[in-house]
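Trainee: Here's a structure for you.
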Amino acid sequence: MAGSDTYLTIKNFAQGIYKEKGSTFISLAYPVRTVDEIKSILGETKKDHHSARHHCFAYILGQNREIWRSGDDGEPSGTAGKPILTQIRSHGLTNVLIIVVRYFGGRLLGTGGLINAYRSAAADAIKNCEIVKIRLHDFFMLEFQYHGMSSVMKIVRDHDLDITRQEFGETCRISIKVEKSSAQSILSLLSRIEGLKYTFLYASQE
């Protein structure tokens, strides 16, 4: 399980497939960031696979996987979107959309058969993805007087912080890169240094 400074997602689009009793289930996995992006992909998929019987999907968004949804698109409730969603969750992923397109083969699979088919198709797409760990950082600019240099650099060394920019003079300025979950504790230590001011610059995901 990824920690509070990281999350797992997929790096690339990937496709999977599962066949059962004449039906073909084509799974499409996308790295995504927003609901609007997901809506656009779903719309394009329905155009590209307009002759398919069902276009079922599930997605999870957010660092803490707090946004999610699934859809059965006409399949019996819980037999399509939910097993796709379960596969995304079981791999600990977020910012992922999986669509499974079904071309009906003329034979019914039953509830258990459908659940297995959509689960297997989603799993095959994930298997073909490159899973990556994204690290979250915050960047800050520190301004302090030269006499505070040793105190600042001790905190930098003790907490293995990256300095991304530095300017030393009567007023010293350095930019630091901090793991997101550690930012408040690091800033608390720095704020004890007389005359030090800090400014949030930006956040990054790498």
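Trainee: Count neighbours as other Cβ atoms within 10 Å of each site's Cβ, and list the trypsin sites (Lys or Arg not before Pro) in the range 159-197 that are DSSP loop with at most 16 such neighbours. Walk me through the intermediate numbers first.
Mentor: Values: sites: ARG165, ARG173, LYS177, LYS180, ARG192, LYS197; in loops: ARG192.
Taking the range 159-197 and a limit of 16 other Cβ atoms within 10 Å, the loop trypsin sites (Lys or Arg not before Pro) found are ARG192.
Trainee: Assuming a ≥ b ≥ c are the square roots of the Cα gyration tensor eigenvalues, decide whether the range 6-129 counts as rounded (a/c under 1.5), prolate (otherwise, with a/b larger than b/c) or oblate. Each step should come with its number before you reach the end.
Mentor: Details: a/c = 1.80, a/b = 1.55, b/c = 1.16.
Prolate is the answer for the range 6-129, as a/c is 1.5 or above and a/b outweighs b/c.
Trainee: I've got another one for you. Can you classify the range 161-206 as rounded, prolate or oblate using the Cα gyration tensor, where a ≥ b ≥ c are the square roots of its eigenvalues, rounded means a/c under 1.5, and otherwise it's prolate if a/b beats b/c and oblate if not?
Mentor: Working: a/c = 2.41, a/b = 1.30, b/c = 1.86.
Judged from the Cα gyration tensor, the range 161-206 comes out oblate (a/c at least 1.5, b/c at or above a/b).
Trainee: Quick check on my link table: of LYS127/LYS177; LYS82/LYS133; LYS11/LYS39; LYS46/LYS180; LYS11/LYS46; LYS11/LYS154, which ones sit more than 31 Å apart, alpha carbon to alpha carbon?
Mentor: On the way: LYS127/LYS177 33 Å; LYS82/LYS133 25 Å; LYS11/LYS39 20 Å; LYS46/LYS180 39 Å; LYS11/LYS46 23 Å; LYS11/LYS154 37 Å.
Those over the limit are LYS127/LYS177; LYS46/LYS180; LYS11/LYS154.
Trainee: What is the range 79-161 by shape, rounded, prolate or oblate, if you read a ≥ b ≥ c off the alpha carbon gyration tensor as root eigenvalues and call it rounded for a/c under 1.5, prolate for a/b larger than b/c, and oblate otherwise? Before the final figure, lay out each step's value.
Mentor: Values: a/c = 5.64, a/b = 5.20, b/c = 1.08.
It comes out prolate by the Cα gyration axes.
Trainee: For every other residue with a beta carbon closer than 15 angstrom to the beta carbon of ARG89, add +1 if it is Lys or Arg and -1 if Asp or Glu, then tell me the sum.
Mentor: Details: positive: ARG65, ARG69, LYS82, ARG119; negative: GLU66.
Residues near ARG89 contribute +3 overall.
Coordinate-derived values only; no laboratory data. This one's a predicted model, so the numbers in the text were calculated from it and none came from an experiment. So basically every Cβ, Gly included, is an ideal-geometry build from the backbone, and we count neighbours across all protein chains shown.
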